[in-house]
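A short write-up of the structure that comes next.
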Amino acid sequence: MNYRTVTDDVTGRRTTDGAGVRLVRVLGDPTVARFDPFLMLDAFDSRDPQDYVKGFPLHPHRGIETFTYLIAGEIDHKDSLGNAGAIRDGDCQWMTAGSGILHEEMPRASPRMLGLQLWINLPRRDKMAPPQYRDITAAQVPRLDEESALVAVVAGEYAGVAGAAQGDYVPVRFLDVTLRPGKTWTTAVPPQDTAFAYILEGAAALAPAGTPLEARHACLLGAGDTAAFTGGSQGARMVLVSGPPLREPVAWGGPIVMNTEAELRAAYQELEDGTFIRHADPALRLR
């Protein structure tokens, strides 16, 4: 086994997005090359509804997938495909923007709003794929109760168990892992994949070297085929995310990510012209 080590430790920065949602942008423009194919990771954790109830009113996306993992709280959503509903404690939302989608996400006041949103870049060949939306309920997520950890297989595959979601364009694995105090959990990681761990709560160490991993940090893991984590004295909860890098040029402007500046300008011109959406529910329009 070739154990992965920490090659980058990102703490993120507090910012405001949408109509005034306070969050921590862990991954973003400065980390794109190193964390390829993962463009952005936003973390939110608040017990004050004023931090998030203004939400994210109707806005466009193209060229990416967004994956929202809601650990606690409730978010209403709707989009230009005609989908509408709510995601709640433990639910997930996987949205392929592809050629273009309009959607909105409006959090409701809750005792605690805790979760992550991950942006996944789409390969050049799939940038203009038909948009689609998938709701994943907490009950659909397989959970493995192991000696060293409780592992929720949210996306991808682990220990022969298929996760609740499978990436159609980028084979992402997303595991929610609760490490038991003092126990070491080990997993194979495809050597070609970019992989990072984000510590939600508690503290852990990357084994076998014992490199400390702090809460609210994203730790990029270097080359290797195995990752091992040891829970701290109180244990830890973390997500382990991996996927193959695209190694393609990135032209990123707000909610749209293409390969060239010309493609980016064309997308914004289509927004101005009212031709951005190719697949739409006629009841929901930008203009």
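The values are calculated or read from the model by the stated rules, or taken from the named source; none is laboratory data. Here the structure is a predicted model, which is why all the values come from computation and not from measurement. Quick reminder, even Gly has a Cβ in these numbers, built from the backbone with ideal geometry, and neighbours come from all protein chains shown. Only protein heavy atoms, including side chains, enter the accessible area calculation; ligands, DNA and RNA are left aside. Shrake-Rupley method; radii C 1.70, N 1.55, O 1.52, S 1.80 Å.
Among the protein heavy atoms of region 5-243, carbon and sulfur supply 50% of the accessible surface, probe 1.4 Å, non-protein parts ignored.
The length gained by stretching the chain between Ala19 and Arg47 to full extension, at 0.36 nm per residue less their Cα-Cα distance, is 8.3 nm.
Suppose only helical runs count, i.e. DSSP H with n ≥ 4. What mean residue ellipticity at 222 nm does that imply for the chain under -39500 (n - 2.57) per run, divided by all residues and rounded to the nearest 500 deg cm²/dmol?
Working: 2 runs with 17 residues, N = 287.
That comes out to -1500 deg cm²/dmol.
Computed from the C-beta positions of Arg247 and Met128 and an R0 of 25 Å, the FRET efficiency is 0.80 to the nearest 0.05.
Report, to the nearest 10°, how far helix 261-273 tilts away from the longest principal axis of the Cα atoms in the chain, using its own Cα long axis and a range of 0 to 90°. That works out to roughly 50 degrees.
Think of a 1.4 Å ball rolled over the protein heavy atoms: region 13-99 then has 37 Å² of accessible area per residue.
Rounded to the nearest 0.05, the FRET efficiency derived from the C-beta distance between Thr275 and Gln192 at R0 = 45 Å is 0.75. Couplings 3J(HN,Hα) for region 21-33, derived from phi with the Karplus relation 6.51 cos²θ - 1.76 cosθ + 1.60 (θ = phi - 60°), are 8, 8, 8, 10, 8, 7, 10, x, 3, x, 10, 4, 5 Hz, where x marks Gly and Pro.
The distance from the alpha carbon centre of region 84-135 to that of region 18-40 is 15 Å, rounded to a whole number. Each of Ala195, Val26, Gly90 was placed along the dipole of the chain (beta-carbon charges, centred on the mean Cα), and the one lying farthest toward the positive end is Val26. Given the options Phe276, Val10, Gly167, identify the residue whose Cα lies farthest towards the positive end of the charge dipole of the chain (+1 on Cβ of Lys, Arg; -1 on Cβ of Asp, Glu). Comparing the listed Cα positions along the dipole, Val10 ranks first. Charge dipole (Cα centre; +1 on Lys/Arg Cβ, -1 on Asp/Glu Cβ; no other charges) of the chain amounts to roughly 220 debye. Between Leu150 and Ala33, the modelled labels are 4.1 nm apart [label points 7 Å from Cα along Cα→Cβ]. Peptide packing: for 60-67, 219-226, the average count of neighbouring Cβ atoms within 10 Å per residue gives the ranking 60-67, 219-226, highest mean first.
Packing here is the average count of other Cβ atoms within 10 Å per residue, and on that basis the peptides 227-240, 45-58, highest first, run 227-240, 45-58.
Using the Cα centre of region 162-238 as the reference point, and only Cβ charges (+1 on K/R, -1 on D/E), how large is the resulting charge dipole? Debye, rounded to the nearest 20.
Dipole of region 162-238, to the nearest 20 debye: 240 debye.
Here the extension length gained between Ala209 and Ala84 equals 40.3 nm, from 0.36 nm per residue of separation less the Cα-Cα distance. Projected label points at Val161 and Ala262, each 7 Å from Cα along the beta carbon direction, are separated by 4.9 nanometres. Ranked by the mean number of other Cβ atoms within 10 Å of their residues, highest first, the peptides 6-15, 176-185 fall in the order 176-185, 6-15. From the square roots a ≥ b ≥ c of the eigenvalues of the alpha-carbon gyration tensor of the chain, which class results: rounded (a/c under 1.5), prolate (a/b over b/c), or oblate? Judged from the Cα gyration tensor, the chain comes out prolate (a/c at least 1.5, a/b above b/c).
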